[in-house]
Amino acid sequence: MHSAEPAAEHQWLQRMIGEWTVASECRMSPDQPAFQLSGHEVVRTLGGLWIIAEGKGSTPDGGCDSIMTLGFDPAHDAFVGTFIGSTMTHLWLYRGQLSEAGRQLVLEAEGPSFAGDGSLTLFRDIIEFVSDDQRQMHSLVLNPDGQWQQFMTTRYHRR
């Protein structure tokens with residue numbers, strides 16, 4: 001088996017490597033008050049082709065641990081990855097692209113609807129570097145009316 005060589009897309013992901021302080025603001029629906037989440041994240045590489053981000057945080061209801069994996073699959077010309085969290089049973093499967101300007105990584109995944117009826121809907125996470133030591137992620141959900149609603153903004157500051 002031949003070793004894969006990192007491409008420019010893999011290099012984009014490598015910028016995430018390091019230790020980060022995390023702060024999120026979340027609003028599950030427009031009629032509910034926003035709440036804050038905080039924690040830290042350690043991101044490491046796997047062979048220069050993948051990143052593994054392990055997060056530990058606190059929520060109003062307690063703690064939450066998470067693991068995100070991201071890589072680039074040249075055969076499909078797409079970023080791919082997964083997300084799991086200690087407060088959920090759903091395995092999120094990401095697929096996405098860099099924005100035209102290359103500043104944002106736009107990932108989509110199917111997940112449980114906020115309606116709580118067992119249905120699935122589309123979610124979008126947009127990762128953007130503000131600087132080498134700051135990035136942010138905006139999380140959106142596709143509403144039944146076809147409109148995207150932002151429900152969370154997470155800011156990461158390199159430690």
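With respect to (1) over 16 Å from the mean Cα position of the chain (by Cα); (2) open to solvent by 50 Å² or more (accessible area, probe 1.4 Å), the lone exception for Ser29 is condition (2). Within the bounds of region 2-20, is there any residue that is among the polar types (S, T, N, Q) and assigned to a loop (DSSP other than H, G, I, E, B)? Looking through region 2-20, at least one residue is among the polar types (S, T, N, Q) and assigned to a loop (DSSP other than H, G, I, E, B). For region 113-129, the candidate set comprises residues that are within 23 Å of Ala34 (Cβ to Cβ) and modelled with pLDDT under 95; within that set, the residue that is least open to solvent (accessible area, probe 1.4 Å) is Ser113. Residues that are under 15 Å from Thr21 (Cβ atoms) and in contact with a His (Cβ under 9 Å, 6 or more places away or on another chain): does region 34-48 have at least one? For region 34-48, residues under 15 Å from Thr21 (Cβ atoms) and in contact with a His (Cβ under 9 Å, 6 or more places away or on another chain): absent.
Residues in region 111-130 that are closer than 17 Å to Met152 by Cβ and not in a loop (DSSP other than H, G, I, E, B): how many? Please lay out each step first, then the result.
Here is the first cut: in region 111-130, the residues closer than 17 Å to Met152 by Cβ are 111-114, 121-128, 130.
If we keep only those that are not in a loop (DSSP other than H, G, I, E, B) as well, we get 111-112, 121-128, 130.
Residues in region 111-130 being closer than 17 Å to Met152 by Cβ and not in a loop (DSSP other than H, G, I, E, B): 11 in total.
Let's see how each residue does on (1) in contact (Cβ under 8 Å) with a residue 12 or more places away in the chain; (2) surrounded by fewer than 16 Cβ atoms within 10 Å (Cβ to Cβ); (3) of a type in the set (A, V, I, L, M, F, W, C):
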| site | (1), (2), (3) |
| --- | --- |
| Thr59 | yes, yes, no |
| Cys64 | yes, no, yes |
| Ile67 | yes, yes, yes |
| Thr89 | no, yes, no |
| Gln97 | yes, yes, no |
| Glu100 | no, yes, no |
| Ser139 | yes, no, no |
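The values are calculated or read from the model by the stated rules, or taken from the named source; none is laboratory data. Owing to the predicted nature of the structure, the values given are computational and were not obtained by experimental measurement. Methodologically, a virtual Cβ is constructed for each residue, glycine included, from the backbone with ideal geometry; neighbour enumeration extends over all protein chains shown. Just the protein is used for accessible areas: all its heavy atoms, side chains included, with ligands, DNA and RNA removed. Shrake-Rupley method; radii C 1.70, N 1.55, O 1.52, S 1.80 Å.
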